[in-house]
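Q: Once you've had a glance at the structure underneath, I'll fire off some questions.
What follows is calculated from the coordinates using simple rules that are stated; it is not laboratory data. Every value quoted in this text rests on a predicted model; they were computed, and no experiment measured them. Neighbour counts are summed over all protein chains in view; Cβ atoms, including those assigned to glycine, are modelled from backbone coordinates with ideal geometry.
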Ligand SMILES: Cc1cc2nc3c(=O)[nH]c(=O)nc-3n(C[C@H](O)[C@H](O)[C@H](O)COP(=O)(O)O)c2cc1C
């Protein structure tokens, strides 16, 4: 094997490399002081711990939504379903109403959950740790529901994809 290159200072090359790793996408949403807040995260990851159940994601230090969203007593986490590509773009948009025409359920705690998702969770923030230009947020899962019939949306190479069985 030829030697590895030093890690590129080139941001585009780094994005291309990190983008080769396929992931699901989670929408993290809640109502705070009557305002619906949300963002999507492909850094979301499950199975950090099973007992207690912990999930995580990393949030950009530059996020303007997170400082407000983190004030929610419970954050709704929806693992986006295969038909959620447009909803995902909308929930990440910097302009306009992120929740326009989305089929959202509000729990009594203020967590917002998206219909058509593969998994729904209500989470509480356990910790936030600095990680370069992001912070790693550990979330404790307090309530959850799974739709085993709904396949998750997949994010890979800056494109949305659907699962296929490898032959
Ligand atoms: C597919 C996709 C994945 C994203 N993943 C992350 C992520 O893991 N962490 C993050 O902080 N922002 C992520 N974003 C960006 C946020 O969803 C959102 O666009 C950003 O937080 C908007 O800026 P604001 O927080 O200032 O409102 C992602 C956006 C897209 C479209």
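Q: Using a Gaussian network model of the chain with C-alpha springs under 10 Å, which one of 102, 114, 91 is most mobile by mean-square fluctuation?
A: Residue with maximal mean-square fluctuation among 102, 114, 91: 102.
Q: What percent do you get for the relative contact order of the chain when only Cα pairs under 8 Å and 6+ apart count? Intermediate results must be reported in sequence, preceding the final value.
A: Working: 335 pairs, mean separation 42.8, N = 167.
Averaging sequence separation for qualifying contacts and normalising by length gives 26 percent for the chain.
Q: Over the residues of the range 20-92, compute the C-alpha Rg and express it relative to 2.2 N^0.38 Å. Present the calculation step by step, with values, prior to reporting the outcome.
A: Details: Rg = 12.7 Å, N = 73, 2.2 N^0.38 = 11.2 Å.
Here the answer is 1.13, to two decimals.
Q: Something else about it: Pull out a ≥ b ≥ c, the square roots of the eigenvalues of the alpha-carbon gyration tensor of the range 24-157, then state rounded if a/c is under 1.5, prolate if not and a/b is larger than b/c, and oblate in the remaining case.
A: rounded
Q: If neighbour count is taken as other Cβ atoms inside 10 Å, put 106, 70, 98 in order from fewest to most.
A: Details: 106 14, 70 18, 98 21.
Ordered from fewest to most neighbouring Cβ atoms within 10 Å, 106, 70, 98 come out as 106, 70, 98.
Q: With each pseudo-label sitting 7 Å past Cα toward Cβ, what's the residue 48-residue 160 distance in nm, one decimal?
A: It works out to 2.6 nm between the two label points.
Q: Which FRET efficiency value, to the nearest 0.05, is calculated for residue 93 and residue 145 with the Förster distance at 35 angstrom and r the Cβ-Cβ distance?
A: According to the calculation, E is roughly 0.85.
Q: Of the residues 58, 93, 78, which exhibits the maximal mean-square fluctuation in a Gaussian network model of the chain defined by a 10 Å Cα contact cut-off?
A: Checking each option, the largest mean-square fluctuation is seen for 93.
Q: Applying a 10 Å radius around every beta-carbon, put 40-46, 51-57 in order of their mean neighbour count, most first.
A: Going from most to least packed, we get 40-46, 51-57.
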